[in-house]
1. Can you give me the long-range amide H partners of THR56? Hydrogens built in the peptide plane at 1.01 Å from N, cutoff under 5 Å, separation of 5 or more residues or another chain.
2. List the chymotrypsin sites (Phe, Trp or Tyr not before Pro) within the stretch 85-138 that fall in a DSSP loop (any state other than H, G, I, E or B) and whose Cβ has at most 14 other Cβ atoms within 10 Å.
3. Roughly how many Å is it from the Cα centre of the stretch 72-112 to that of the stretch 156-208, as a whole number?
4. Just to check I understand the Karplus step: with θ = phi - 60° and J = 6.51 cos²θ - 1.76 cosθ + 1.60, what whole-Hz values come out for the stretch 197-204, glycine and proline as x?
5. Skipping prolines and chain starts, which residues have an amide H placed within reach, meaning under 5 Å, of the one on GLN190, given they are 5 or more residues away or on another chain?
6. Could you quote the convex hull projected area for the stretch 147-208, Cα atoms only and averaged over all directions, in nm²?
7. Using C-alpha positions alone, give me the convex hull volume of the stretch 38-167 per residue in cubic angstrom.
8. Which whole-Hz couplings ³J(HN,Hα) result when phi for each residue of the stretch 153-170 is put into the Karplus expression 6.51 cos²θ - 1.76 cosθ + 1.60, θ = phi - 60°, listed in order with x for Gly and Pro?
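Nothing in this text is a laboratory measurement; each read-out follows from the coordinates by a stated rule. Because the structure is a prediction, the values reported are computed rather than measured. Heads up, the Cβs are rebuilt from the backbone with ideal geometry, glycines too, and the neighbour counts pull from every protein chain shown.
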Amino acid sequence: MRHIRSLGPALLVALAACSPDATPLAPADEAPPRQAVAAALPPPACLDFNVPPLGTPFGAAWGTPVGVPQWVENGITAAVAPYQPGAFFVEARVVMPPVPFGAGPTGRARSINWHFDFTGLPFVPSAVTFEWMDQGAPSPVENLMVNGSPLYVGQIHAPPAAMAGIAVGTTVAPVPGGLTGTMKLTGPVQRVAVGGQPLWVDRVCAHP
């Protein structure tokens, strides 16, 4: 016993580590493995034409002022403005589409433009998307404007590649009587105008 008591503390620790019942010790500088956690992005904010009652009209015949906000849905403001060529301001209306697309009610533009403003959102969109249906193809033409760019007057299924520094692209698929697709505007979008005669739009979404 005197011999064991004479052993230093360091030697006693070494003997204990050699015991068959001893638990292996991890190196002091070895950190536990990290678990990778993917940050979930918040969902997009979408205007689905769910605020005005079905059938609500806008335009000259109803005394709608040009460019004045008509409603706000999930932080996105909707208004109407003249369609080119001709500065027509005929009718925008919340309707069920003649061919199903989107998500329920849609916004039909008949010689008028819808205007959507995203500056009231709590984030700057990295992209904006909307679904469209054109039953006037191949004529007449549609309108598209992004962030105050010059107004595009042409076919919505063949938009310019970029407007005001925002990348523009769309999918295209046939439907009875016309075409449908999803437009994607990639970049810090603040405002969008789109219209036709006739043109339906829905699911106007701002993506964080």
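1. VAL94
2. For chymotrypsin sites (Phe, Trp or Tyr not before Pro) across the stretch 85-138 that sit outside H, G, I, E and B with at most 14 neighbouring Cβ atoms in 10 Å, the list reads PHE123.
3. 13 Å
4. 8, x, 9, 10, 10, 6, 6, 7
5. Amide H neighbours of GLN190, under 5 Å, 5+ apart: ASN147.
6. Dividing the Cα hull surface by four gives the mean projection, 4.5 nm².
7. 135 Å³
8. Running phi through 6.51 cos²θ - 1.76 cosθ + 1.60 with θ = phi - 60° gives 10, x, 7, 5, 7, 9, x, x, 5, 8, 9, 6, x, 9, 5, 10, x, 8 Hz.
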